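Undergrad: Input: one structure, supplied below.
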Amino acid sequence: MLVLAIDTATPAVTAGVVDLGEQSVTVLAERVTHDARAHGELLTPHALDAVGRSGVTLADIEAVVCGVGPGPFTGLRAGIVTAAALAHSLGIPAYPVCSLDAIAADVVNDTGVAEPFLVVTDARRREVYWAAYTRDGRRTDGPGVLKPAELDQAVRHVEQVTPSPAGLARAAAPDVLARAEPAPLTPLYLRRPDATVPGARKRVTAQ
């Protein structure tokens, strides 16, 4: 099953085409650029380039998998809007994936772990996003946002920078392969955005 996997939850702009099978995950092509200010500008070109280099067409894609965070407001919005637009135009489902789950899937597949672990990514403001996993990559707690000193120091920390298209596909595989009805593409902000709409001006009267 051909899947277009995208993620903008981290400073990376990630897109890839993945051939997802019951027992296999094969990345046909991927584009990743580390530029936290270019999510909106680069994501669609990256996705189209990955499709072109994979030897397939958009019409061959059967599902979109989108990392929904946790991450910053602007980055997540770019990824989710793009995923929704592509899925709508192609008439295919778009599946949300916690980006930390995708990283955990990468860790379990690429390096293997013998004990529970935490996935930790930079949340800025001297904080981190985190989630806890069993040795086989099943999430048991989180996602959340904390200061590094507040994390459980007795558990191994995995500080991988960004999820891969393969990890995104693996995390979504049970729902994608079952052709389940996808959950809404709801962003995991975990905290209020830096930019807010100004409130109503207070009326000032002379004394």
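Undergrad: Return the single residue from ALA183, ALA85, ALA154 with maximal mean-square fluctuation; model: Gaussian network over the chain, springs between Cα atoms under 10 Å.
TA: Among ALA183, ALA85, ALA154, the largest mean-square fluctuation in the Gaussian network model of the chain belongs to ALA154.
Undergrad: To continue, here is another question. Kindly identify segment 91-183 as rounded, prolate or oblate by the Cα gyration tensor criterion: order the square roots of the eigenvalues as a ≥ b ≥ c, call it rounded if a/c is under 1.5, otherwise compare a/b with b/c, prolate if a/b is larger, else oblate.
TA: Prolate, because a/c is 1.5 or more and a/b exceeds b/c.
Undergrad: Here is a further query. ALA180 to ASP49: FRET efficiency via 1/(1 + (r/R0)^6), r the Cβ-Cβ distance, R0 30 Å, to the nearest 0.05?
TA: So the FRET efficiency works out to roughly 0.55.
Undergrad: With the convex hull built on the Cα atoms of the chain, state its orientation-averaged projected area in nm².
TA: So the mean shadow area of the Cα hull is 14.7 nm².
Undergrad: Something else about it: Which shape class, rounded, prolate or oblate, goes with segment 64-124 when its Cα gyration tensor gives a ≥ b ≥ c as root eigenvalues, a/c under 1.5 marks rounded, and past that a/b bigger than b/c marks prolate?
TA: oblate
Undergrad: Could you check which residue among SER164, SER99, SER89 shows the biggest mean-square fluctuation in a GNM of the chain with a 10 Å Cα cutoff?
TA: Answer for the Gaussian network model of the chain: SER89.
Read the figures in this text as sums done on the coordinates, not as results from a lab. Computed from a predicted structure; not experimentally measured. Note: ideal-geometry Cβ built from the backbone for every residue, glycine included; neighbour counts use all protein chains shown.
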